[in-house]
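One structure is given here, and the rest of the page talks about it.
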Amino acid sequence: MQKNLLFALALTTSLCAYAQASAAPADVVAYTYGMHLDIAQVLSMSPVPDVCGPAPMHMTYRDSQGQTHVLEYSVLGNGCSN
């Protein structure tokens, strides 16, 4: 159930990104614990890779000032089986 919700969220944000043109590519910033994030709108998220272990993800978003940012963070891949 949670995978389906995550997939639907990723699909929705991807479609929103295609509908809106980006002015210029933003620099990728690595997430650190305690980092203040000003996220007004998520534009896109990279798909969760099919690996067993930590994998990098990218989220493109707009802040409250309208600037576009790209955040890199780690997630556990979908390739692990129970």
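At-a-glance table
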{"read-out": "Listed peptides 50-58, 66-74 by packing density, highest first (mean Cβ within 10 Å)", "value": "66-74, 50-58"}
{"read-out": "Rough spin-label spacing in nm, given labels placed 7 Å along Cα→Cβ, for SER64 and ALA30", "value": "2.9"}
{"read-out": "Interchain or long-range residues, amide H under 5 Å from LEU43's placed H", "value": "THR60, TYR61, ARG62"}
{"read-out": "Label-point separation, ASP50 to CYS80 (7 Å along Cα→Cβ), nm", "value": "1.8"}
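Taken together, the values in this text are just the output of simple stated rules run on the coordinates, not laboratory data. If you're wondering where the values come from, they're calculated on a predicted model, not measured in any experiment. With ideal geometry, Cβ positions are generated from the backbone for all residues, glycine too; neighbour counts draw on all protein chains shown.
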